[in-house]
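Here's the structure, in structure tokens; my notes come after.
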Amino acid sequence: MIKYSFVVPIYNDAYLAEEFCREYLNVFQQHLGVSDIATQAELIFVNDGSRDNSGETLAGLPAQFSFVRVVNFSRNFGQHIALSCGYRHACGQYVGMLNVDMQEHPDQIPPLLRHLEKE
């Protein structure tokens, strides 16, 4: 069962996604103490009608990172709709959102999760 889901809206910035996935993987491998995080954590990229090659870039990620899922919109609906869509696709017990530019670095997730799981 997936325990952690994070939604990442994308608009013309999927070129950042591969590095982001590596960081997310590293953080969750350490947090969960496993090498394959796909049974416990997922990343859901929602491509919000990007006009660049984001769709193609994102399409290759699930083969590289088994914990990645991708949703593509036919046009730009905006960040709030992209997040809502990602939340609907999330399977985790805990669901959050992150920005692909790592404004909030994935290494900040485990302290938050530890706090939430104490409650």
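So the values come out like this:
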quantity: Those residues of segment 44-80 which are part of a loop (DSSP other than H, G, I, E, B), charged (D, E, K, R) and loosely packed, with under 14 Cβ neighbours inside 10 Å, in sequence order; calculated: Arg51, Asp52, Arg75
quantity: Selection within segment 1-40 - open to solvent by 60 Å² or more (accessible area, probe 1.4 Å), more than 10 Å from Phe67 (Cβ to Cβ) and of a type in the set (D, E, K, R); calculated: Lys3, Glu18, Glu19, Arg22
quantity: Scan of segment 24-57 for residues that are under 26 Å from Ile81 (Cβ atoms) and touching a residue at least 60 places away in the same chain (Cβ under 8 Å), ordered by number; calculated: Tyr24
quantity: Filter pass, Cys85 being within 14 Å of the chain's Cα centre (by Cα) and not in a helix (DSSP H, G or I); calculated: no
quantity: Unmet criterion (only one of (1) without any contact (Cβ under 8 Å) to a residue 40 or more places away in the chain; (2) under 21 Å from Gln93 (Cα atoms); (3) of a type in the set (S, T, N, Q)) for Ser74; calculated: (2)
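The values are calculated or read from the model by the stated rules, or taken from the named source; none is laboratory data. All of these numbers come straight from a predicted model, not from anything done at the bench. Note that we place each Cβ from the backbone using ideal geometry, even for glycine, and neighbour counts take in every protein chain shown. Please note that ligands, DNA and RNA were not included when accessible areas were found on the heavy atoms of the full protein model with its side chains. Shrake-Rupley method; radii C 1.70, N 1.55, O 1.52, S 1.80 Å.
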